[in-house]
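A quick write-up on the structure given underneath.
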Amino acid sequence: MSVRVDDVFIGIELTDEAARDPELARRLEEACPVDIFKATDSGAEIVRENVDECVLCGLCLDAAPPGAVTVHKLYDETTLAR
Amino acid sequence: MRFYEYESRRIVERAGIPVTQYGFCTTPEEARAAAERIGGPTVIKSQVLTGGRMKAGGVRFADTPDEAAEHAAAILDLEINGHRPVGVLVDPKAEVEQEYYAAVLWDGRAKRPMMLFSDMGGIDIEQVAEEHPEHVGRGHLSNLLPISDFQAKEVVARVGLTGSELNRATAVLARLARLQRDWDMTLAEINPLARLSDGSFVALDAHMEMENEAVFRHRKALEELGVDLSDPREQYEPSEFERNVKAIDAADHRGVIQGKDHGFHGNLGLVIGAGGGSLTLTDAVRAQGGKPANYSEIGGNPSVAKAKGLAMEVLKKEGVDKIAVMMSIVSNTRVDIVARGVIKACLELGKDPAETIAIFRIPGAWEEEGYKILDRYGVEYCDRSVSMWEAAGRAVAKIQGGGASANGEAS
């Protein structure tokens, strides 16, 4: 199971485990330069209005354990993952 | 930043250039009091940031204070070219022996200030320069070296002034040159500069324009002069398009967008910018028969939302059929981000990006990623091997109903 939010060009996917980890949520919020992640007490929320702002920098992938975050490029059906 | 005449007078006065005993008034009663203080005939002048005051009835002559008050009441109610006056200037009707013209302006081509002086003042200096070039003296100033009175003297002497007339006019022009430098003016103009019967020189009217980017450096002095810094002093009332684009830009710190549509009434919307691209591309569209619906600038790595915002505003303009998305070349602005923005604008307005975007020509950072997005939506694009001229030609051909060949010629 996972949490996934798609906009027009980009989709962001978090594993359930990653989405419920408050410490990881804080790291993701800090890492993302375009505020796609919002840290809450219960974990990470994906901010829909910022998803298409993703600059494909990969900082979220570096901040998370392997496989926890996947960035989907909807326009060419490829993904960024670690 | 433009100044009202009464503000320009105050600036000129501060620079040590003699002015008449004028009064700035916002009510007929104040105008009457000013006329009483001055004594004798007066001139009542509307304070608006537009030309054509005399023709519109914004300049009137009064022989008595009561008449001055009457004229002030009429002028304060008079709109000129869409501008409401902020007040009137009550000025003594001076006994003038001769009128001159003095100005120091920023010469963009020479990249230096230039002094101008003419013994034919009171009329349009362009007309004098064209019909009587021998009556206009010119001289450039250094951006680095101090301004010397002798440089001003050379300019004044070129139109034939001698003796005390030369000395007195020189002092005015030299002070005006220092004013232009010290206040960061793009234009410091006195027209007419009058020689009175006693031989003294006095500024009868002044026109000042300050470099917008320098206003912050003069905030204190401007406040002392009573200049309202919250007044945008636009040349015209901004359109809805212009206001909306400005608001979108202000709401997001990422990148910069600007949009102007004053005087544009075409069907081809322009989302353009980067490296001088806006001017070049607007010219290229017009030169090939296209009719731009607007002028715009986009750059500085805008967000997707900002690029979308500009494109949506352009597309919402009445009469716009298609948009051309073109730039010179980008380095920090990302091609894929702009592509996402403009395509998203089309989709949100229920338009087909392939039909709506006449051409996409933005070479530079992340272009390969941008091309994948454009391919996905069937948008015609080109890389740097197609010149800005050719890309503009393709957009024009497309909106005029023709196709475009690979080399940019309409088929």
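The values are calculated or read from the model by the stated rules, or taken from the named source; none is laboratory data. Here the structure is a predicted model, which is why all the values come from computation and not from measurement. Every residue, glycine among them, receives a Cβ derived from its backbone with ideal geometry; neighbour counts consider all protein chains shown. Protein only, heavy atoms only, side chains kept; ligands, DNA and RNA dropped before computing areas. Shrake-Rupley method; radii C 1.70, N 1.55, O 1.52, S 1.80 Å.
Which pairs turn up if I take residues in the range B:286-303 that are free of Cβ contacts under 8 Å to residues at least 12 places away in the same chain and look for partners that are not basic (Lys, Arg) with beta carbon separation below 7 Å, at least 6 apart in sequence or on another chain?
Pairs that qualify, where the first residue is free of Cβ contacts under 8 Å to residues at least 12 places away in the same chain and the partner is not basic (Lys, Arg), are B:Arg286/B:Pro292.
Please give the number of the condition B:Trp183 fails out of (1) modelled with pLDDT of 95 or more; (2) of a type outside the set (A, V, I, L, M); (3) more than 16 Å from B:Ile11 (Cα to Cα).
Here B:Trp183 meets the rest and fails (3).
Is it true that A:Asp76 is at pLDDT 95 or above, over 22 Å from B:Lys306 (Cα atoms) and within 14 Å of another protein chain (Cβ to nearest Cβ)?
yes
Quick test for you: out of A:Ala64, A:Ala25, pick the one residue that is surrounded by 14 or more Cβ atoms within 10 Å (Cβ to Cβ), touching a Gly at 6+ places or on another chain (Cβ under 6 Å) and over 27 Å from B:Tyr371 (Cα atoms).
A:Ala25
Within the range B:278-299, does at least one residue satisfy the condition of being within 14 Å of chain A (Cβ to nearest Cβ) and closer than 19 Å to B:Glu380 by Cβ?
The answer is no, given that none of the residues of the range B:278-299 is within 14 Å of chain A (Cβ to nearest Cβ) and closer than 19 Å to B:Glu380 by Cβ.
Does B:Ile329 count as of a type in the set (A, V, I, L, M, F, W, C) and at pLDDT 90 or above?
So B:Ile329 fails the test.
If only one of B:Ala33, B:Ala56, B:Ala73, B:Ala94 is under 34 Å from the mean Cα position of the chain (by Cα), farther than 17 Å from B:Glu7 by Cα, at pLDDT 95 or above and hydrophobic (A, V, I, L, M, F, W, C), which one is it?
B:Ala73
So which of A:Glu23, A:Glu49, A:Glu45, A:Glu30 ends up being within 10 Å of the chain's Cα centre (by Cα) and acidic (Asp, Glu)?
The unique qualifying residue is A:Glu45.
So the check is Cβ under 6 Å with 6+ separation or different chains; which pairs have a first residue in the range A:42-54 that's away from chain B (no Cβ under 13 Å) and a second one that's among the aromatic types (Phe, Trp, Tyr) and surrounded by 22 or more Cβ atoms within 10 Å (Cβ to Cβ)?
The qualifying pairs are A:Ala44/A:Phe37.
Among the residues of the range A:13-41, count how many are more than 14 Å from chain B (Cβ to nearest Cβ) and of a type in the set (Val, Ile, Thr).
Summing the residues that are more than 14 Å from chain B (Cβ to nearest Cβ) and of a type in the set (Val, Ile, Thr) in the range A:13-41 gives 2.
Mind listing whichever residues of the range B:40-70 are closer than 28 Å to B:Arg175 by Cβ, open to solvent by 40 Å² or more (accessible area, probe 1.4 Å) and not in a helix (DSSP H, G or I)?
B:Gly40, B:Gly51
Output the number of the condition that B:Gln21 fails; it satisfies all remaining conditions of (1) open to solvent by less than 60 Å² (accessible area, probe 1.4 Å); (2) in a loop (DSSP other than H, G, I, E, B).
Of (1) open to solvent by less than 60 Å² (accessible area, probe 1.4 Å); (2) in a loop (DSSP other than H, G, I, E, B), only one is false for B:Gln21: (1).
Of the residues B:Lys398, B:Lys317, B:Lys308, B:Lys322, only one is within 13 Å of chain A (Cβ to nearest Cβ), at negative phi and not β-branched (Val, Ile, Thr); which?
B:Lys308 is the lone residue from the list that is within 13 Å of chain A (Cβ to nearest Cβ), at negative phi and not β-branched (Val, Ile, Thr).
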